[in-house]
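Below is one structure, written out as structure tokens, with a few remarks after it.
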Amino acid sequence: MAKKNVKTNVLDHSKAKIKLLNEYLKRYLNIITNDGYTERIKIFDLFCGEGIYEDGNEGSPLVIMRVVKDLHFINASKNNRIPPIDCHFNDLDASKVEKVKNIINEKSLHHFSYGKLDFSSNDYSDKIQQLSQELPKLRNQKAFIFIDPYGYKHIKASDFKILLSQDNVELLLFLPTQFMYRFDSNGTPESLKDFVEEMVDYKSWKDPNNVWEYVDQLKNAFRKYLGNKYFVDTFTIQKDPQTVFCLFFFCSHIRGFEKMLEAKWKIDVEQGKGWKYISNQDSLFLDQKTNPLEEKLMEFIKTGDRGNGDIYEFTLRCGFLPTHAVDVFDSLQKNAKLNVLDSNEEKARKGSFYISYKHYKNEKNKVKFKLI
Ligand SMILES: C[S@@+](CC[C@H](N)C(=O)[O-])C[C@H]1O[C@@H](n2cnc3c(N)ncnc32)[C@H](O)[C@@H]1O
């Protein structure tokens, strides 16, 4: 069988990548367009490619335009006015950008009432410089940036630090971690060393045993470098047992991060990797793998005074959703391992955990958790 051409056909990992982009954007735009505060949204696809692959599958620019168009239709049918959503597509190859422009036109994917649509064919590094200067000046506006290069050589964590510093930007980055891992274990090239060195001292970089460990190490390096103000997580796409690709997402706002995690878990569920919770308490088998969230939550509660707001943030930072924490707490409560106390130090009603963004924002300490 002829080998698929990576550059003109959508491979399976690219399909998963595009799907996550789609799932995330739907959620992100839904929240932002209705937050009563944002006056304009800007989407940037900095390595946009040619829009459609030879096999007919759609790439990132068309996925983005479809989400924007659908959102406008839904809101128009409800007479709901939403802020303009500007879309900007860039690729170094001007002929690809021209193709994207034509396809958006042919498929009627844009109308001026959605917001501005523009194109450029600049080098990513120049584009990032330009955005680092422009985005901080935006007031009451939000930006989403999709970064999908073939390699990693243009990518700099310091650029992200600048972009994220204004609290109005979210980033989705695709990195070919599989190749990076392979290079890393076969005499690391200077460019890869430089990429890592910007975040952590290369001397502390461990030799990973497999690509999963490599991805974890990179994620932790991003987290360490960017600091606690930002949220970073990954979505791994496994093509086959030996091949793993990875999307990294970066948010400065906890609510955006929750939406990103929801999109991630939704796709995981569809791929049969979703949340299957067997409590460590209920487990009859000592050798059964313990539930990582349960373990982490118990340790977290043990080591400090924890309110519902702390649990909400901690759960997300561990890459899990509030519903997962509720499952764990339901089980701990059922097994008489957890006390939940209200502000009067009285026992709260069974199952009242208040682990949500709403409570995080308004009633961080409505209840407190203690292990028994
Ligand atoms: C992985 S492809 C993008 C695929 C696209 N996001 C999609 O979903 O169909 C990477 C793209 O980066 C472009 N490119 C390569 N070097 C670049 C650079 N320095 N700046 C901007 N774009 C570049 C290539 O022309 C190519 O179209």
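Remarks
- Summed over region 164-187, the residues that are away from the ligand (no atom under 16 Å from the Cβ) and touching a residue at least 12 places away in the same chain (Cβ under 8 Å) give a count of 10.
- Counting the residues of region 48-89 that are within 13 Å of the ligand (Cβ to nearest atom) and of a type in the set (A, V, I, L, M, F, W, C) gives 7.
- Residues that are among the small types (Gly, Ala, Ser) and farther than 18 Å from residue 261 by Cβ within region 311-345 comprise 331, 336, 343, listed in sequence order.
- Residue list for region 20-32, filter: buried (at least 21 other Cβ atoms within 10 Å of the Cβ) and over 11 Å from the mean Cα position of the chain (by Cα): 29, 32
- Checking each residue in region 291-306 for being acidic (Asp, Glu) and not in a helix (DSSP H, G or I) picks out only 305.
- Residue match in region 300-310 (condition: out of contact with any Lys or Arg (no Cβ under 8 Å at 6 or more places or on another chain) and within 23 Å of residue 257 (Cα to Cα)): no
- Scan of region 110-147 for residues that are more than 15 Å from the ligand (Cβ to nearest atom) and acidic (Asp, Glu), ordered by number: 118, 134
- Condition check for residue 150: on the phi < 0 side of the Ramachandran plot and surrounded by 15 or more Cβ atoms within 10 Å (Cβ to Cβ): no
- All positions within region 324-351 that are in contact with a helix residue (DSSP H, G or I) (Cβ under 9 Å, 6 or more places away or on another chain) and surrounded by fewer than 20 Cβ atoms within 10 Å (Cβ to Cβ): 327, 331, 337, 339, 350, 351
- Region 324-336 residues that are closer than 12 Å to residue 350 by Cβ, paired with ones that are among the β-branched types (Val, Ile, Thr) and in a helix (DSSP H, G or I) (beta carbon under 9 Å, 6 or more apart): 329/311
- If you go through region 94-109 and keep only what is within 27 Å of the chain's Cα centre (by Cα) and within 12 Å of the ligand (Cβ to nearest atom), you end up with 96, 97, 100.
All of the numbers you see were taken from the coordinates with simple rules; none came from a lab. Since the structure is predicted, the reported quantities are computational estimates derived from the model, not experimental observations. A quick note on method: Cβ atoms are made from the backbone with ideal geometry, for glycine too, and the neighbour counts reach across all protein chains shown.
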